[in-house]
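Asker: Encoded as structure tokens, here's the structure I'll be asking about.
The values are calculated or read from the model by the stated rules, or taken from the named source; none is laboratory data. The structure presented is a predicted model; accordingly, all values stated were derived computationally and were not measured. Every residue, glycine among them, receives a Cβ derived from its backbone with ideal geometry; neighbour counts consider all protein chains shown. Heavy atoms of the whole protein, side chains included, go into the accessibility calculation; ligands, DNA and RNA do not. Shrake-Rupley method; radii C 1.70, N 1.55, O 1.52, S 1.80 Å.
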Amino acid sequence: MELEEIQMTLKEALCELGVQDDTLSEEEKNQLDRNGFCLLPKILNTVQVKQMIDMLQYLFDKEQIGQPGYPIVCFDMQNKSDVFDICITHPRLLAGISHVLKDNFRLYGIHSWPKPPGHGNSPLHIDYGGAPTGYYIVCNSIWMLTDFNQENGCTRIVPGSHRWGISPQEKMKDPKASFPTEILLTGSAGDIVIFNSHVWHGSTLNQSSTPRWSLNSYWRLREGPLEKKSRVRGSLSIEARARLRPPALCLFQ
């Protein structure tokens, strides 16, 4: 089935996937507007978490994708296993992405950057620069497959910075340094965080003895500056097209 054959609007697809006006509470929507992120607890159960970690370990061993000195990376896992399908279709996820990107988005793929011991500590950054203040092009979600805590390299974020219209590199001498108002995104395995990718964020150093496992499902405007270069990433294999239902396929158009 070709994506072009899916005769469905995004609004219709979201409705079929269970997204309603009250799928997120008003307070959760306010958190996305005010702080640029929102924690959604207990989206995954323990069985789903284990299945995802097992599949990630298999894929990393099989593909060995990465650069010397950096953690292994695995891209476009929507094409590699159905255990990740919930990262595409969960209604609470989609309601958050829709709130940030205003019902005009597509999936940029499901990816993972595990943080082994001794890795992490990335500079504060935004995922897209140059957009007018209040105009958002990209939105992300972090799927916690292990507990996120201060020791194992959880993500740091600067609440409200998506509304400043400036990047950390323009404001800070050293974006790897801590920022006075930054906080750590802590949570439990099975929680997810939706965050506006224009908010300042970065990983911290994993000082524990075990990997910090997580996934990202990453979203962007359907039409806009990323259109030309994003058609490769976030694409679908023949097998994935056959597996996914039409409402999910619509999220890739």
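Each row is one residue, and each column tells you yes or no for (1) closer than 20 Å to Lys42 by Cβ; (2) among the polar types (S, T, N, Q).
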residue	(1), (2)
Asp147	yes, no
Gln150	no, yes
Gly153	no, no
Val158	no, no
Lys171	no, no
Ser178	no, yes
Gly187	yes, no
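Asker: In region 56-79, which residues are over 16 Å from Ser214 (Cα atoms) and either at pLDDT 90 or above or open to solvent by less than 10 Å² (accessible area, probe 1.4 Å) (or both)?
Answerer: Asn79
Asker: Follow-up. Residues in region 82-108 that are part of a loop (DSSP other than H, G, I, E, B) and modelled with pLDDT of 95 or more: how many?
Answerer: Taking region 82-108 as the starting set, the residues that turn out to be part of a loop (DSSP other than H, G, I, E, B) are 85, 90, 102-104.
Narrowing the set further to residues that are modelled with pLDDT of 95 or more leaves 85, 90.
Here the count works out to 2.
Asker: While we're here: Just need a number here: residues in region 23-40 that are without any contact (Cβ under 8 Å) to a residue 24 or more places away in the chain, closer than 21 Å to Tyr135 by Cα and outside any helix (DSSP H, G or I).
Answerer: Qualifying residue count, region 23-40: 0.
Asker: With respect to Leu3, determine if the residue is open to solvent by less than 40 Å² (accessible area, probe 1.4 Å) and modelled with pLDDT under 95.
Answerer: Values: open to solvent by less than 40 Å² (accessible area, probe 1.4 Å): yes; modelled with pLDDT under 95: yes.
Answer is yes for this residue.
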